Amino acid sequence: MNRTQIIYSLIGVITLAVLAGVVLWSGVFEAENESLVPENQPAVSPKATSSSTNQTDKQYYGSSTIGQSVEGRAISVHTFGNADNHLLFVGGIHGGYEWNSVVLAYNLIDYLQANPSELPENIKVSIIPSANPDGVYALAGKTGPISAADVPADANPGGPERFNANGVDLNRNFACRWQPTSNWRSEEIDAGTSAFSEPEARVIRDYVQSHGLSAGIFFHSAAGAVYGAACNGQVGPQTKTLLNTYANAAGYRAVERFDAYPITGDVESWLTKLGIPAVSVELSNHTDTEWQKNLAGVKAVIKQFSQ
Ligand SMILES: [Zn+2]
């Protein structure tokens, strides 16, 4: 190796050493930057508080007014969670006559507010606690969150409290087999001038049509059973599963279809016409919420839809 070759070799070695140094230095620099990221993230990420409240980066709970009754009383929805899998629970479509179904719905709102960890991340629950507030007002003299204490001790709701302020049975005002008159036991009753003639029915229609629903569960009293529904033909398999899940967990009778007397224009059948499984949960009497039974039913349905 002559002098020139030695010089070129030295230049080569020095160049390699400098390049290696640059690569190493930048690697260290990147590593330092990366190490900064996880330290900074918890302080700014909304997920930092998620473990105790089940909140994701969106809100866990919200409520809003979605319409008004004939007499201008607010109809509200309370929503928990953010998932696409969406369960709707509705109380009080039969107003003061079934006021315990309103109390049950408000109890469910309180429970989900207090126990956010009960709701799986892939489930959203919405609750319309009082679908016929004028009917509740006719009995209790108030609307919104009611309890048994708001109902007069001598109350014996027998008719008007069931209907809206136009005297229409709202659960005969939906667009499935709708007829202008319908039945409640042996009585002939007013089903409105057309399907969705009543503002309270339109509130539910518009909510359902603008929010994808996985299932609808409607609280009533007092037949002590869970009923499936179908608009035409047979009760569908999804409704049967929903019906049996709730009834088995809650300890109510499971009945595929209400057949004590013919019903037209009910909301449950209308939902199944849209391909949404739906059931009526009938409490056993007109005063108790049967809270533990119904909490078990609700939890079983949430579990079913989370799997
Ligand atoms: Zn009812």
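The values are calculated or read from the model by the stated rules, or taken from the named source; none is laboratory data. The shown structure was predicted, so the numbers you read here are calculated from the model rather than taken from an experiment. Glycine also receives a Cβ, built like all others from the backbone with ideal geometry; neighbour counts cover every protein chain displayed. In case anyone asks, the SASA skips ligands and DNA or RNA and just uses the protein heavy atoms, side chains included. Shrake-Rupley method; radii C 1.70, N 1.55, O 1.52, S 1.80 Å.
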Inset, instruction - Report, by chain and number, residues whose modeled amide H sits under 5 Å from the one on residue 189, excluding near sequence neighbours (fewer than 5 apart, same chain). - result: 182, 183, 184
Inset, instruction - Starting from the Cα of residue 197, step 7 Å along the direction of its Cβ; do the same at residue 234; then give the gap between the two resulting points in nm. - result: 3.6
Inset, instruction - State the Cα centre-to-centre distance between region 106-142 and region 249-307 in whole Å. - result: 15
Legend entry - Rg [Å, one decimal], Dmax [Å, integer] - region 174-307, C-alpha atoms: 14.7, 43
Legend entry - Rounded to the nearest 10 Å², the accessible area of residue 205 at probe 1.4 Å: 60
Legend entry - Derived scalar couplings ³J(HN,Hα) [region 153-160; Karplus, 6.51 cos²θ - 1.76 cosθ + 1.60; whole Hz; x for Gly, Pro]: 4, 9, 5, 9, x, x, x, x
Legend entry - Solvent exposure, largest accessible area first (probe 1.4 Å, DNA, RNA and ligands not counted), of 266, 110, 190, 150: 110, 190, 150, 266
Inset, instruction - Work out Dmax and Rg for region 246-307 from the C-alpha atoms and quote the Rg first, both in angstrom. - result: 13.0, 36
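For region 174-307, what relative contact order do you get, as a whole percent, if you take Cα pairs closer than 8 Å and at least 6 residues apart?
Computed value for region 174-307: 33 percent relative contact order.
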Inset, instruction - Would you please give the residues with an amide H less than 5 Å from that of residue 75, counting only those at least 5 places away or on a separate chain, with H modeled from the backbone geometry? - result: 66, 67, 68, 69
Inset, instruction - Just reorder 257, 162, 73, 185 by solvent-accessible area, largest first, 1.4 Å probe, all chains present. - result: 185, 257, 73, 162
Legend entry - For region 255-269, 3J(HN,Hα) per residue [Karplus equation, 6.51 cos²θ - 1.76 cosθ + 1.60, θ = phi - 60°, Hz, x = Gly/Pro]: 10, 4, 9, 5, 9, 5, 7, x, 10, 10, x, 7, 5, 5, 5
Inset, instruction - Tell me the Kirkwood hydrodynamic radius of region 60-306 in angstroms, computed as one over the mean inverse distance between distinct C-alpha pairs. - result: 17.6
